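Trainee: Dropping a structure here in structure tokens format, bear with me for questions.
Please treat every number below as a calculation from the coordinates, not as lab data. Treat the numbers as computed from the prediction; the structure is a model and nothing was measured. Virtual Cβ from ideal backbone geometry, glycine too; neighbours counted across all protein chains shown.
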Amino acid sequence: MLIVPAVVAAAVTAGLVPVLERRARASGRLVDVPNERSSHRVATPRVGGAAMVIGVFAGLAAAGLTGTPPVARAGVLAAGALAIAALSFLDDLRSLSVPVRLTGHVVVAGAVAIDAGPWPAHALLDALPAVSVALTGLWIVGLVNAYNFMDGIDGLAGGQAVVAGAGWTIVGVVTGAPEVTALALALAAASTAFLGFNWHPARVFMGDTGSAFLGYAFAVMPVAAPSAPAFAAAALFVWPFVFDAAFTFVRRLARGENVVKAHRSHLYQRLVSTGLSHRQVSLGYLALAMLGVPAGVCAAAGSAPMSVLLGAAVPVAAVALWRTVLRREAAAARRPVASRA
């Protein structure tokens, strides 16, 4: 019966995307017009995220009708997801200011973190519950924004969601948590359906509605499946996004740049600027994300030694990604101007 939420989520998402696409093109609203920072060249509707949000909730409703129990703190988590999606939809419509968006993210993350309480099974943090709650809130705000930052080329954010959803599906099966499996399957299925429209060349984008919703969903999965190692699993399943966003933020901060100003200096953007296609970069990042899945599953299942052993590949891959960017940029700089053009 756990396949039901996946089928419903995929079907609803796939059915809604063309409808919303046509309405966006006809109205001229929710259409991303290319500018100097864009990675695309034609006006593209950013409506895929709304379709995914509706698809995921439809899948979860179907799961409930088939008897699958709701995840832990389902009411609070669902309210937070709807609040994040609504705020982000407004941002897609009229481009909210950074302080307004960030305030909304902090309020939602704070409510979820306070309701969830301190991380379980962490002796140090048990003695510092306020610090534990603050870290949970920071993690949620951070991943919501990191996912948004990383949604810049065709297939990247949707593909990462498929990998992370698959990872959490395995966790749900291994740990005997059907409610986690149902949620993860709904997220993965809706994202897979969206990818059919977003793989290069993309017909639609997910917009902030989709990227913020997915970032929130994967950030709160440890709250839905509460255990200390689940937070490690959450980070490992999306580690390329966490690494790229954090590395770029720190690098820009160290260079004295305005970190809230739009830019094109993420590692994935720099790879595209060296001549790699959207498809090549997205596939490369999906391969990197898959490296974290075995370690994340072991962490969530409580096998710390095996998680550490398998997770050793992640920092090696992170360094390799950085060196690849530098190497390709150096090679591109040596090319004649005519060939680069």
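Trainee: Going by amide H atoms built from the backbone, whose H comes under 5 Å of the H on residue 32, apart from near neighbours?
Mentor: Correct list: 44, 46.
Trainee: How much mean residue ellipticity at 222 nm does the chain get from its helices, if each DSSP H run of length 4 or more adds -39500 (n - 2.57) and you divide by all residues, to the nearest 500 deg cm²/dmol?
Mentor: Details: 16 runs with 257 residues, N = 341.
So the calculated ellipticity at 222 nm is -25000 deg cm²/dmol.
Trainee: Sticking with this structure for a sec: Across bins of 10 angstrom width beginning at 0, how are the C-alpha pair distances of the stretch 1-138 distributed, in whole percent?
Mentor: 11, 27, 31, 23, 8, 1
Trainee: In addition: By counting other Cβ atoms within 10 Å of each Cβ, how are 273, 88 ranked from fewest to most? Could the numbers behind the result be given before it?
Mentor: On the way: 273 15, 88 29.
Result, fewest neighbours first: 273, 88.
Trainee: Helix check for the chain. Which DSSP H runs span at least 20 Å along their own axis by Cα, with a mean Kyte-Doolittle hydropathy no less than 0.0? Show your work: numbers first, answer last.
Mentor: On the way: long enough: 3-27 (36 Å, 1.11); 48-65 (26 Å, 1.89); 74-94 (30 Å, 1.43); 98-116 (27 Å, 1.39); 129-150 (31 Å, 1.35); 156-174 (27 Å, 1.55); 178-198 (29 Å, 1.26); 207-224 (25 Å, 0.99); 239-254 (22 Å, 0.82); 278-300 (32 Å, 1.09); 313-334 (31 Å, 0.64).
Helices passing the filter in the chain: 3-27, 48-65, 74-94, 98-116, 129-150, 156-174, 178-198, 207-224, 239-254, 278-300, 313-334.
Trainee: Sort 322, 119 by Cβ crowding within 10 Å, fewest neighbours at the top. Before the final figure, lay out the partial values.
Mentor: Working: 322 14, 119 24.
In order of increasing Cβ crowding within 10 Å: 322, 119.
Trainee: Still on this model: Gap in Å between the Cα centre of the stretch 161-219 and the Cα centre of the stretch 66-111?
Mentor: 16 Å
Trainee: While we're looking at this one, here's another question. Could you tell me how far the Cα centroid of the stretch 126-154 sits from the Cα centroid of the stretch 233-258, in Å?
Mentor: The stretch 233-258 and the stretch 126-154 have Cα centres separated by 12 Å.
Trainee: Could you compute how fast the stretch 3-340 diffuses translationally, taking Rh as the Kirkwood radius over C-alpha pairs and applying Stokes-Einstein at 25 °C with viscosity 0.890 mPa s? Give it in µm² per second. Don't jump to the answer; show the numbers that get you there.
Mentor: Numbers: Rh = 20.3 Å.
Taking Rh from Cα pairs, D becomes 121 µm²/s.
Trainee: Something else about it: Within 10 Å of each residue's Cβ, count the other Cβ atoms and sort 4, 163 from fewest upward. Write out the running numbers ahead of the final one.
Mentor: Working: 4 17, 163 23.
With the sparsest Cβ surroundings first, the list reads 4, 163.
Trainee: Something else: Set the Förster distance to 51 Å, then compute FRET efficiency between residue 335 and residue 131 from the Cβ-Cβ distance, nearest 0.05.
Mentor: Numbers: r = 50 Å, r/R0 = 0.98.
Efficiency computed from Cβ-Cβ geometry: 0.50.
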